[in-house]
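Chemist: Submitted below is the structure of interest, expressed as structure tokens.
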Amino acid sequence: MTERQRLGVGMVGYAFMGAAHSQAWRSVNRFFDLPLEVDLAAVCGRDQEKVAAAAVKLGWRTHETDWKALLARDDVDLVDICTPGSSHAEIALAALAAGKHVLCEKPLANTVEEARAMAEAARRAEAAGVRSAVGFNYRRIPAATFARDLVAAGRLGTLRHVRAVYLQDWLVDPEFPLAWRLRREIAGSGALGDIGAHIIDLTQFISGQRISGVCALTETFVRERPLPAASGLSATGLSATGLPATGLTTARQAATGQAGATGAVTVDDAALFLARLDGGALASYEASRFALGRKNGLRVELNGSEGSLVFDLERLNELEFYDGQADGDVAGFTRVLVTEPSHPYLDAWWPPGHGLGYEHSFTHEIRDLVAAIADGTPPAPSFADGLQVQLVLDAVDRSAADGSRWTLVES
Ligand code: SOE
């Protein structure tokens, strides 16, 4: 067998996303036949002891404590950014300038200005064969890709409605400490940019239409929270490694250090908005971290003139499809098990009915990125796509702040 060219990867950050990406980098060549052999060259984090342990646990060959060192290494061809949004632009711009391919977690940036600079740098780097992509992984769940294929094939006819929610409940406890995801200067926004960005990208991907206008509400239900524990997290909400403790730690685990000390929550806890899509459909979106009982409840429904479909992340191996052409007597939503080898990505995995998980979306995301790099084609979603999502996030922020379209009910 001919020796495959290697693709050396350097990953910055090793919390939740770093762990999810690591399993994808480890497994992609084992399940997909790719022209490049991935080498997990180095993982980067500020704390020498902790990042050394992470390298062993997650399967990285070496470790660094300064992300800039990755750019100087000849054995690193691609930088994978798994850090909070406040560092995306600095790392991505430097990596692209150093001729490294870049995979950047979502959302692309914390501001439109940063996203514009990143998209422009990516466009210039593309001309030199340097590729980049943003990590909207849910597109690559087979049922979501299959949903997009059904819409593109006209099986829903003319789209009338898009309806998306992304609901979590890890912040319901007011004693949950002021983690980095609750601070605008680190996270950029709250539920809106973290989970709202996902449903913006996913609905645009599946429908093939883009959001052209919004009318929004945002709310911060708990405005003060205990400062993170002195032992585990610094006052900035960053762990000793300088990287974020996961926002998913439970309040009971993250006892606070400074008795009684609190800090201001500077991001939204929930964002709701109506939207018009450029293909004529009407849409509604809800992103909340206060939906008690919903752990990672992402659900998308599309209604068209000929059919409807529902994708539910909690049943991610299935797609509900309503065929408007079916005989009226037997019409109804069909539960399609999206596990056939003919379904997207499935020919690489298990026999029909065995199912995939959340982590497979990252393996598919990285499979497509490696294939694009090998083929010399632009990966998707691009930084330009990431900028467009950032522009929607910004429009929602401005609409919620403006409030001018909000009509009060007469009392
Ligand atoms: C939010 O807590 C979060 O971790 C998101 O940041 C991820 O993108 C999502 O996949 C799971 O939930």
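Chemist: Scan the strands (runs of 3 or more DSSP E) fully inside region 119-229 and keep the ones with 2 or more residues being over 30 Å from G99 (Cα atoms), over 18 Å from the mean Cα position of the chain (by Cα) and of a type outside the set (G, A, S).
Modeler: On the way: elements: 132-135, 159-167, 211-219, 224-226.
In region 119-229, the matching strands (runs of 3 or more DSSP E) lie at 159-167, 211-219, 224-226.
Chemist: Here is a list: A69, A20. Which entry is of a type outside the set (D, E, K, R), in contact with an Asp or Glu (Cβ under 9 Å, 6 or more places away or on another chain) and either part of a loop (DSSP other than H, G, I, E, B) or closer than 30 Å to Q390 by Cα (or both)?
Modeler: Details: A69 fails: in contact with an Asp or Glu (Cβ under 9 Å, 6 or more places away or on another chain).
None of the others qualify; the one that does is A20.
Chemist: Hey, could you check region 1-27 for residues that are away from the ligand (no atom under 16 Å from the Cβ) and out of contact with any strand residue (DSSP E or B) (no Cβ under 6 Å at 6 or more places or on another chain) and say which is nearest to H364 (Cα to Cα)?
Modeler: S27
Yes/no matrix, rows are residues, columns are (1) more than 11 Å from the ligand (Cβ to nearest atom); (2) buried (at least 23 other Cβ atoms within 10 Å of the Cβ); (3) small (G, A, S); (4) farther than 21 Å from A20 by Cα:
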| residue | (1), (2), (3), (4) |
| --- | --- |
| R116 | yes, no, no, yes |
| N137 | no, yes, no, no |
| D149 | yes, no, no, yes |
| R163 | yes, no, no, yes |
| A179 | no, yes, yes, no |
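Chemist: With respect to V112, determine if the residue is surrounded by fewer than 22 Cβ atoms within 10 Å (Cβ to Cβ), within 15 Å of the ligand (Cβ to nearest atom), farther than 30 Å from F321 by Cα and of a type outside the set (F, W, Y).
Modeler: Details: surrounded by fewer than 22 Cβ atoms within 10 Å (Cβ to Cβ): yes; within 15 Å of the ligand (Cβ to nearest atom): no; farther than 30 Å from F321 by Cα: yes; of a type outside the set (F, W, Y): yes.
Taking the combined requirement at face value, the residue does not satisfy it.
Chemist: Given the criteria assigned by TED's automatic domain parsing to the domain that holds A197 and either surrounded by fewer than 18 Cβ atoms within 10 Å (Cβ to Cβ) or more than 14 Å from the ligand (Cβ to nearest atom) (or both), does S288 qualify?
Modeler: On the way: assigned by TED's automatic domain parsing to the domain that holds A197: yes; either surrounded by fewer than 18 Cβ atoms within 10 Å (Cβ to Cβ) or more than 14 Å from the ligand (Cβ to nearest atom) (or both): no.
No.
Chemist: Inside region 23-40, can you point out the residues that are in a helix (DSSP H, G or I) and under 23 Å from the mean Cα position of the chain (by Cα)? Full working, then the answer.
Modeler: In the first step, residues of region 23-40 are kept if they are in a helix (DSSP H, G or I); the result is 23-31.
If the condition is that a residue be in a helix (DSSP H, G or I) and under 23 Å from the mean Cα position of the chain (by Cα), then Q23, A24, W25, R26, S27, V28, N29, F31 are the ones that fit.
Chemist: Tell me yes or no: at least one residue of region 341-356 is outside any strand (DSSP E or B) and within 16 Å of the ligand (Cβ to nearest atom). Don't jump to the end; show me each part of the working.
Modeler: Of region 341-356, the ones outside any strand (DSSP E or B) are 341-356.
Now narrow it down to the ones that are within 16 Å of the ligand (Cβ to nearest atom): 356.
Checked region 341-356: at least one residue is outside any strand (DSSP E or B) and within 16 Å of the ligand (Cβ to nearest atom).
Chemist: While we're looking at this one, here's another question. Answer yes or no as to whether A125 is of a type outside the set (D, E, K, R), within 16 Å of the ligand (Cβ to nearest atom) and either modelled with pLDDT of 95 or more or at positive phi (or both).
Modeler: On the way: of a type outside the set (D, E, K, R): yes; within 16 Å of the ligand (Cβ to nearest atom): no; either modelled with pLDDT of 95 or more or at positive phi (or both): yes.
No, not satisfied.
Chemist: Here are some residues: N296, N317. Which one is away from the ligand (no atom under 16 Å from the Cβ) and not charged (D, E, K, R)?
Modeler: Working: N296 fails: away from the ligand (no atom under 16 Å from the Cβ).
On inspection, the qualifying residue turns out to be N317.
Chemist: Filter region 78-116 for residues that are in a helix (DSSP H, G or I) and among the hydroxyl-bearing types (S, T, Y) and give the result.
Modeler: Our first condition is that a residue be in a helix (DSSP H, G or I); within region 78-116, this holds for 85-97, 112-116.
Once the filter is applied, which keeps residues that are in a helix (DSSP H, G or I) and among the hydroxyl-bearing types (S, T, Y), region 78-116 yields S86, S87.
Chemist: Separate question: Here is a check on your reading of the model: is R26 of a type in the set (D, E, K, R) and in contact (Cβ under 8 Å) with a residue 12 or more places away in the chain?
Modeler: On the way: of a type in the set (D, E, K, R): yes; in contact (Cβ under 8 Å) with a residue 12 or more places away in the chain: yes.
So R26 passes the test.
Table: residues versus (1) out of contact with any Leu (no Cβ under 8 Å at 6 or more places or on another chain); (2) of a type in the set (S, T, N, Q).
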{"residue": "Q5", "(1), (2)": "no, yes"}
{"residue": "G8", "(1), (2)": "no, no"}
{"residue": "V12", "(1), (2)": "no, no"}
{"residue": "A15", "(1), (2)": "no, no"}
{"residue": "A19", "(1), (2)": "no, no"}
{"residue": "A24", "(1), (2)": "yes, no"}
{"residue": "D33", "(1), (2)": "yes, no"}
{"residue": "V38", "(1), (2)": "no, no"}
{"residue": "G45", "(1), (2)": "no, no"}
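Chemist: State whether the residues of region 208-227 include one that is within 15 Å of the ligand (Cβ to nearest atom), in contact with a Gly (Cβ under 9 Å, 6 or more places away or on another chain) and on the phi > 0 side of the Ramachandran plot.
Modeler: Of all residues in region 208-227, those within 15 Å of the ligand (Cβ to nearest atom) come to none.
The answer is no, given that none of the residues of region 208-227 is within 15 Å of the ligand (Cβ to nearest atom), in contact with a Gly (Cβ under 9 Å, 6 or more places away or on another chain) and on the phi > 0 side of the Ramachandran plot.
The values are calculated or read from the model by the stated rules, or taken from the named source; none is laboratory data. Keep in mind it's a predicted model, so treat the numbers as computed, not measured. Quick reminder, even Gly has a Cβ in these numbers, built from the backbone with ideal geometry, and neighbours come from all protein chains shown.
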